[in-house]
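> Encoded as structure tokens, here's the structure I'll be asking about.
The values are calculated or read from the model by the stated rules, or taken from the named source; none is laboratory data. The structure presented is a predicted model; accordingly, all values stated were derived computationally and were not measured. Please note: Cβ atoms are built from the backbone with ideal geometry, for glycine as well, and neighbour counts cover all protein chains shown. Remember, those area values only see protein heavy atoms, side chains included, never the ligands or the DNA or RNA. Shrake-Rupley method; radii C 1.70, N 1.55, O 1.52, S 1.80 Å.
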Amino acid sequence: MKTECTKQYSSFQALGRRKVVADFSGGTITSDGGGLLLREVEKRSGILHRFAQCFTDHRDQRRIEHSVLSLVSQRVFGLTLGYEDLNDHDQLASDKLLAVMVGQSDPTGSNRKDQRDRGKPLAGKSTLNRLELTPQDADSQHPYKKIALDCEAVDNLLVDLFIESEAEPPEQIILDVDATDDPLYGNQEGKFFHGYYKAYCYLPLYIFCGEVLLCARLRTADNDGAAGTVEELERIVERIRRSWPDTQILLRGDAGFCREYIMAWCEDNGVDYVIGLAKNNRLKKEISYELADAKELYRCSGSASRFFKDFRYQTLQSWSRERRVIGKAEHMAKGSNPRFIVTSLSAADYEGSSLYEDIYCARGDMENRIKEQQLMLFAARTSTAKMHSNQVRLYFSSIAYVLLQTLRRIGLAGTSMSKAQCCTIRLKLLKIGAQVRITVRKVWIAFAEGYPYRDIFTQALLALNRLPVRY
């Protein structure tokens with residue numbers, strides 16, 4: 001007769017007269033229950049399916065257990081849930097809920113052929129890293145790394161997803177362009193010490209339209225911050241105009257993008273622009289009377305005061321023509337604060353102060369979008385040795401952002417989280433404690449009873465369910 005052993009508990013400090021004991025018999029528990037919302041987004045948008053199609057799989061299909069779609073989905077879902085490292089996936093390979101999100105037909109992993117991986121429905125880090133480390137020119141003859149990414153296809157996908165997100169062609173779109181630093185701590189290919197950031201880094205270029213990501217290009221830091229902007233704009237604008245020929249396109253950037261070749265390209269291709277202009281003595285002299293008036297008004301009122309002046313301006317050498325400039329003459333507690341922008345928009349259509357305050361200043365929101373990618377979706381995790389591999393990592397982060405932004409745009413519209421950042425969405429909607437039970441006919445997910453954001457979660461799911469399932 002089998003002896004029934006006494007269960008072992010871990011004891012904690014008592015709560016009054018009650019003992020506090022615990023063990024590990026709770027069954028399959030996950031902290032990522034809300035990730036099912038992302039699965040619903042994917043079923044309706046096909047973002048991951050289309051991203052997976054950008055890869056060419058040279059592996060022998062008779063000998064593999066994980067398709068490219070499965071690997072791509074696992075990696076992107078992992079980023080959205082906060083798992084930034086490939087090392088994390090050695091533990092996540094046994095995660096049944098992530099297997100459900102990825103679409104594994106056997107979420108328990110009981111049918112795995114390899115005895116070492118029995119019970120692990122997903123891939124470990126050694127398999128996943130082939131997505132990143134495969135050279136662009138790899139083929140079926142490469143001994144190990146045979147999953148090559150077509151970077152041009154990913155670039156086009158980001159633009160296509162933006163176009164498809166609009167039900168009708170908009171009258172105007174604003175393309176925000178900016179660069180940021182991506183610190184490096186090893187001997188990565190292309191590393192360079194940047195004097196402004198005082199660190200070895202990459203200098204990625206981002207282009208957004210509102211909250212929508214259109215371009216994430218990894219660059220070395222030994223070039224001007226605006227380098228490559230025209231090349232990116234050429235392909236993006238051409239693709240947008242193919243679908244929206246009558247839409248006005250406006251480029252917006254800080255003074256780092258006030259370059260003759262950028263403004264000239266915009267003027268030659270019918271793209272308007274509002275770009276910051278670095279101040280100099282000639283410009284400050286142009287608004288000297290306005291600066292004096294602002295100073296006097298500040299002295300009388302004690303509050304920050306500002307005046308605007310609209311004038312024509314041309315540099316002594318670098319500009320090919322005269323252009324419209326708006327100067328802001330401002331005086332604050334810390335003293336004079338002159339600022340300038342240059343634009344192709346006419347004074348008849350756009351009044352100077354409104355152009356500066358309502359249109360140009362709104363570009364600051366793009367910095368929040370960059371922070372979401374860099375800090376919350378780990379775009380700065382570019383620690384592989386090769387530049388191409390780090391660009392692939394940036395693409396994974398970009399697709400993770402697009403997936404979460406789609407959830408925000410569709411599922412969270414009209415809720416108190418419609419403007420929530422990615423980390424807030426992750427914390428409040430995706431990180432839900434749940435029990436997972438898998439039977440022959442069903443996958444049972446029992447969410448935590450005390451979950452405080454149930455109403456928003458339910459509303460998001462209802463909004464997603466109104467859309468047709470396509471994948």
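> Please compute the length gained on full extension between HIS388 and GLU260, using 0.36 nm multiplied by the number of residues separating them and subtracting their Cα-Cα distance.
43.1 nm
> To the nearest 10 Å², what's CYS300's accessible area with a 1.4 Å probe?
About 90 Å², ignoring ligands and nucleic acids.
> Once fully extended, how much extra length lies between ARG409 and LYS442, figured as 0.36 nm per residue of separation less the alpha-carbon to alpha-carbon distance? It would help to have the intermediate numbers written out before the result.
Working: separation 33, 0.36 × 33 = 11.88 nm, distance 3.01 nm.
Value of the extension gain: 8.9 nm.
> Under a straight-distance cross-link criterion of Cα-Cα below 29 Å, which lysines are reachable from LYS285, leaving out those fewer than 8 residues away in the same chain?
LYS295, LYS309, LYS328, LYS334
> Take every DSSP beta bridge with both residues inside the chain and express the antiparallel ones as a percent of the total, to the nearest 5. Walk me through the numbers on the way to the answer.
Values: 49 of 58 bridges.
Bridges in the chain that DSSP calls antiparallel: roughly 85 percent.
> Further question: Out of the trypsin sites (Lys or Arg not before Pro) in the stretch 274-360, which ones are loop residues according to DSSP with at most 13 other C-beta atoms within 10 Å?
ARG321, LYS334
> By how many degrees, between 0 and 90 and to the nearest 10, does the Cα long axis of helix 151-164 differ from the longest principal axis of the chain?
80
> Right, something else. Taking only DSSP H segments of four or more residues, each worth -39500 (n - 2.57), what value at 222 nm results for the chain once the sum is divided by all its residues, to the nearest 500 deg cm²/dmol?
-9000 deg cm²/dmol
> Considering only GLY364, ASN223, VAL76, whose Cα is most displaced toward the positive end of the charge dipole of the chain, charges sitting on Cβ of Lys, Arg (+1) and Asp, Glu (-1)?
Sorting the options by dipole projection puts first VAL76.
> What's the extension gain from GLN172 to THR247 if we count 0.36 nm per residue and subtract their Cα-Cα distance?
Contour length minus Cα-Cα distance gives 26.5 nm.
> Among all the aspartates and glutamates, which ones have a C-alpha under 17 Å from LYS146's C-alpha, if same-chain residues fewer than 8 places away are not counted?
By straight Cα distance, LYS146 reaches ASP57, ASP60, GLU65, GLU132, ASP137.
> Using packing as a proxy for protection, rank 446-457, 211-222 so that the peptide with the highest average count of other Cβ atoms within 10 Å comes first.
211-222, 446-457
> At q = 0.14, 0.20, 0.32 Å⁻¹, what is the log10 ratio I(q)/I(0) for the stretch 41-91, with the Debye formula run over Cα points and no solvent?
So the normalised log intensities are -0.42, -0.80, -1.17.
> Same structure, new question: Compute the accessible area per residue over the chain, keeping the other protein chains in place, probe 1.4 Å, unit Å².
51
> Would you please state which residues of the stretch 14-41 a label at GLN8 would reach in this model, taking the label point 7 Å out along Cα→Cβ and a backbone N cut-off of under 19 Å?
Zone members listed by number: 20-27.
> Using the beta-carbon distance between PHE193 and ASN368 and R0 = 45 Å, what value does 1/(1 + (r/R0)^6) give for FRET efficiency, to the nearest 0.05?
That gives a FRET efficiency of 0.95.
> For helix 454-465, report the angle its Cα long axis makes with the longest principal axis of the Cα atoms of the chain; keep it between 0 and 90° and round to the nearest 10°.
On a 0 to 90 degree scale, this one is about 80.
> Let me ask you something else. Which value results for Rg/Rh of the stretch 30-165 when Rg is the Cα radius of gyration and Rh the Kirkwood radius based on the inverse mean 1/r?
Answer for the stretch 30-165: 0.96.
> Could you work out the equivalent-ellipsoid semi-axes for the stretch 241-314, taking the square root of 5 times each eigenvalue of the Cα gyration tensor, largest first, in whole Å?
One finds semi-axes of 34, 15, 10 Å for the stretch 241-314.
> Can you tell me the 0 to 90 degree angle between the C-alpha axis of helix 387-406 and the longest principal axis of the chain, rounded to 10?
Computed tilt is about 90 degrees.
> Which of the following values of log10 I(q)/I(0) by the Debye sum over Cα atoms at q = 0.07, 0.11 Å⁻¹ was calculated from the structure shown: (i) -0.51, -0.89; (ii) -0.47, -1.00; (iii) -0.32, -0.84?
Answer label, from the structure shown: (ii).
> Assuming R0 = 25 Å, what is the FRET efficiency of ILE163 and GLN317, from their Cβ-Cβ distance, to the nearest 0.05?
Between ILE163 and GLN317 the formula returns 0.05.
> A follow-up question, please. Only Lys, Arg, Asp and Glu count, each charged at its Cβ (+1, +1, -1, -1), so figure out the dipole size of the stretch 312-459 about its Cα centre, rounded to 20 debye.
For this selection, approximately 720 debye.
> If you put +1 on each Lys and Arg Cβ and -1 on each Asp and Glu Cβ, how big is the dipole of the stretch 214-305 around its Cα centre, in Debye rounded to 20?
280
> A further question on this structure: Going toward the positive end of the dipole of the chain, with +1 on Lys and Arg Cβ and -1 on Asp and Glu Cβ, which of GLY256, GLY16, LEU131 do you reach last?
The Cα lying farthest towards the positive end belongs to GLY16.
> Okay, next question. Tell me the chymotrypsin sites (Phe, Trp or Tyr not before Pro) within the stretch 346-411 that lie in a loop according to DSSP and have at most 10 other beta-carbon atoms within 10 Å.
none
> Moving on to the next point. Whenever you get a sec, compute what percent of the accessible area on the chain sits on carbon and sulfur atoms (1.4 Å probe).
Here carbon and sulfur together make up 49 percent of the probe-accessible area.
> For the chain, with only Lys/Arg (+1) and Asp/Glu (-1) charged at the beta-carbon, what is the dipole magnitude about the Cα centre, in debye rounded to 20?
Roughly 2080 debye for the chain.
> Let me ask another. Above 16 Å lies some portion of the pair distances; for the stretch 165-250, what is it as a whole percent of all C-alpha pairs? Mind dumping the intermediate values first?
Details: 2102 of 3655 pairs.
Tail fraction, whole percent: 58.
> Quick check: convex hull over the Cα atoms of the stretch 360-400, volume per residue in Å³, rounded to an integer? Show your work: numbers first, answer last.
Details: hull volume 2.9 nm³, N = 41.
Looking at the stretch 360-400, the number lands at 72 Å³ per residue.
> Filter the chymotrypsin sites (Phe, Trp or Tyr not before Pro) in the stretch 186-225 down to the DSSP loop ones having no more than 13 other Cβ atoms within 10 Å, then list what survives.
Details: sites: PHE192, PHE193, TYR196, TYR197, TYR200, TYR202, TYR206, PHE208; in loops: TYR196, TYR197.
Loop-located and lightly packed - TYR196.
> If eta is 1.567 mPa s and T is 4 °C, what Stokes-Einstein diffusion coefficient results for the stretch 371-471, Kirkwood Rh from Cα pairs, in µm²/s? Walk me through the numbers on the way to the answer.
Values: Rh = 15.8 Å.
The estimated diffusion coefficient comes to 82 µm²/s.
> So for the chain, taking the charge dipole from beta-carbon charges (+1 Lys/Arg, -1 Asp/Glu), which of ASN111, ASN280, GLN373 sits furthest toward the positive end?
ASN111
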